[in-house]
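*Asks:* Starting off with a structure, shown below.
Just so it is clear, none of the values below were taken in a lab; they were calculated from the coordinates. Quick caveat: nothing in here was measured; it's all calculated off a predicted structure. Glycine also receives a Cβ, built like all others from the backbone with ideal geometry; neighbour counts cover every protein chain displayed.
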Amino acid sequence: MDRNDTPGMRKRLMSEQRLTLPERPGEIDIASRATVAYSSEDPAHPVEHLIDGHYGRGSTHWASARTNATERIVLEFDRPQQISCLVYEVEECRQERTQEVRVEVSSDHGRSYRQVLVQQYTFSPQGAIFQHEELRLELPAITHLSLTIVPNKSGSGVATLTALRLFA
């Protein structure tokens, strides 16, 4: 260990091209409060990229390892969380396709879920390539938050998400 390193401190050098946005008030630190379960990930685009603090066009992203497969990401919170806002982003620059995102929540440790959002996005390299979704919610004690991503409602492709942020 370098003499200047502090045990237990996590650090990284920020690149000039990808600076993170400042944290907004009430943002939930997903990495420290939840386990992220997932059905698939491309090793070059792991699920960690969803919550790495990079947002907007050209950011890191999570991608499925499987083409045309419905994927699922579930946040399993250590303690019930109040959620007032959910923000996620999707970017597709290469091919035309329609992706569907379904968001469901559980208050009983994943035994049952209720749907809070179903949204479809049509991407075209000549037109719309980026979607930012901000959903206001009143969820008092959520134990699990599930995202189901259908990458190919029309067209072909892999499930992708660029960023996921939650606010109390």
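*Asks:* Within a 10 angstrom radius of the beta carbon, how do Cys85, Cys93 rank from fewest other beta carbons to most? Before the final figure, lay out each step's value.
*Replies:* Numbers: Cys85 17, Cys93 11.
The order, fewest Cβ neighbours first, is Cys93, Cys85.
*Asks:* All other residues with a Cβ under 11 Å from the Cβ of Ser64 taken together, and with Lys, Arg as +1 and Asp, Glu as -1, what is their net charge? If you can, show how the numbers build up before the last one.
*Replies:* On the way: positive: Arg66, Arg72; negative: Glu41, Asp42, Glu71.
It works out to a net charge of -1.
*Asks:* Sort Ile129, Ile51, Ile73 so the one with the fewest other Cβ atoms within 10 Å of its own Cβ comes first.
*Replies:* Values: Ile129 15, Ile51 19, Ile73 22.
Ascending Cβ contact count within 10 Å gives the list Ile129, Ile51, Ile73.
*Asks:* Would you work out the relative contact order for region 30-162, in percent, from Cα pairs under 8 angstrom that are 6 or more residues apart?
*Replies:* Numbers: 333 pairs, mean separation 45.7, N = 133.
34 percent.
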